[in-house]
1. Averaged over all directions, how much area does the convex hull of the C-alpha atoms of segment 2-93 cover when projected, in nm²?
2. Could you tell me the relative contact order of segment 2-93? Use alpha-carbon pairs under 8 Å, at least six residues apart, and round to a whole percent.
3. Would you list C365, C214 from fewest to most Cβ contacts within 10 Å?
4. When the Cα atoms of segment 326-438 are enclosed in a convex hull and the volume is divided per residue, what value in Å³ results?
5. Among 54-63, 100-109, what's the highest-first ranking by average C-beta atoms within 10 angstrom per residue?
6. Given +1 on the Cβ of Lys and Arg, -1 on the Cβ of Asp and Glu, and no further charges, what dipole in debye does segment 2-93 carry about its Cα centre, rounded to the nearest 20?
7. Looking at the square roots a ≥ b ≥ c of the eigenvalues of the Cα gyration tensor of segment 185-295, which shape do they give, rounded for a/c under 1.5, prolate if a/b is larger than b/c, or oblate?
8. Please arrange Y410, Y210 by how many other C-beta atoms lie within 10 Å of their C-beta, fewest to most.
Amino acid sequence: MKAVGGEGAIPEEVTADYELKETLGTGHFSKVKLGIKRDNGERCAVKIIEKPSGSKIAMLKAEVDILTKCDHPNVVKMYAVYETETHLFLCLELLTGGELFDRIISKGHYSEDDARKLTLTLLEATKYLHSQGIAHRDLKPENILLKDEGEDAAIKITDFGLSKIFADDLAGEVVMKTACGTPGYVAPEVLTHEIYSEQVDMWSIGVIVYILLCGFPPFYGDNDAQMFKKIKAGQYKFLTPYWDPISADAKDFVSKLLLVDPKKRLNSTDALKHPWINKAESVGSTNLFAKGDGAGAAGQPSETEDGTSALHQAFVDFNLDRKLSVPDYLINKFSLKKDSSKLGKFRCSLVNQPGHFYVTTYDICFLGSLGKKVKVELSKLAEVTKAKRFKLTPGQGHSLHLKDSDGTTYEFNGYSKRDECFDIISKQCKALGTNTIFS
């Protein structure tokens with residue numbers, strides 16, 4: 001055995017087969033390192049998991065069993081498993097392409113047919129899992145990754161931490177009663193603590209497809225209780241103007257997945273036979289990310305007040321909100337003081353990258369749709385100026401230029417509420433007694 005930091009003892013069979021390199025990510029009870037296979041130089045991800053106590057060890061072993069069992073081009077592969085008394089070492093396929101939704105946002109073109117193709121792939125992988133007696137139970141955008149950064153990179157379903165191999169009992173019904181899943185994607189039968197089956201995955205796919213077509217989720221509320229109430233009632237709408245360009249077949253497909261009664265909900269086999277999935281020639285290829293005329297008419301992409309595609313902006317907002325959905329996440333993401341509060345949140349772009357601009361108690365933070373991060377301490381904020389992105393454009397413009405005490409200037413463009421943002425920054429700087437110049 002070989003001891004390495006907080007990872008316990010590394011089994012000799014691991015170091016004999018793999019050279020462990022830098023850490024790729026960390027979690028509460030796990031760490032992922034880059035592994036190099038010694039015999040062929042192939043790269044993989046080595047997930048080092050601290051064994052939990054009690055019933056959680058059974059969930060962990062179920063994850064290992066599932067990954068060992070799976071062999072599908074759109075499901076992450078597990079090459080090997082090693083075990084010590086305190087840790088598990090899972091050697092997994094290395095996925096370097098990032099999250100599917102990040103890739104969608106980074107592209108300039110996105111159509112209903114693109115959404116259909118993604119759904120087809122997701123359905124085929126899910127049908128495979130269900131044929132193997134596997135229910136994922138936590139399908140969501142975070143668990144749909146891309147193999148690499150290539151244009152045609154394969155989609156991979158990942159993270160089976162909440163999955164469970166199911167088996168038919170004498171009544172022919174699958175018994176899974178553990179309440180699990182992620183708020184917003186969880187099926188109503190899970191929330192009502194009923195016996196449920198692999199059909200929970202089909203509900204989650206319905207939610208994902210809804211988002212793929214309009215850029216925001218079907219169920220929402222000011223808190224989980226409000227959202228769960230809508231989920232249990234199957235209460236959602238195809239809101240205009242976002243759904244105006246989308247075909248009737250697509251809406252029918254979503255409506256047959258988001259059925260409260262799991263027995264009436266499409267299963268994976270029937271979903272693959274639906275006209276929206278099968279009739280590719282009838283699915284629109286119009287670029288839904290293109291700027292429209294603002295009318296929002298059927299077949300026409302709509303446009304926001306700052307001139308961006310409404311669908312593209314909806315995707316950006318959804319993507320950022322889901323990544324900052326945990327209250328402490330903003331503090332952790334930007335290493336803010338623990339007593340920091342969010343004073344304002346605004347949509348804008350840093351040069352050309354859209355994102356969200358946060359004014360907090362002590363800092364200004366910007367998180368771009370593709371991961372760009374900027375933090376400026378209010379105590380070091382030298383100047384805030386209202387500006388126009390292009391000097392020759394009419395009006396007062398929608399930009400703010402921020403200069404810090406080191407002389408670095410950040411140009412934030414496309415605010416829909418620039419004056420409100422300017423006023424919040426000004427008020428907080430005064431409260432902190434800074435020497436910031438506002439103009």
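1. Seen from a random direction, the Cα hull of segment 2-93 projects 6.1 nm² on average.
2. RCO, segment 2-93: 25 percent.
3. C365, C214
4. Per residue, the Cα convex hull of segment 326-438 comes to 100 Å³.
5. The packing order, highest mean first, is 100-109, 54-63.
6. The dipole of segment 2-93 has a size of about 240 debye.
7. oblate
8. If I rank by nearby Cβ atoms, fewest first, I get Y410, Y210.
Readers should treat all values here as calculations from the given coordinates under stated rules, not as data from a laboratory. Bear in mind that the values here come from a model prediction, so they are computed numbers and not experimental data. All Cβ positions, glycine included, derive from the backbone under ideal geometry; neighbour counts span all protein chains shown.
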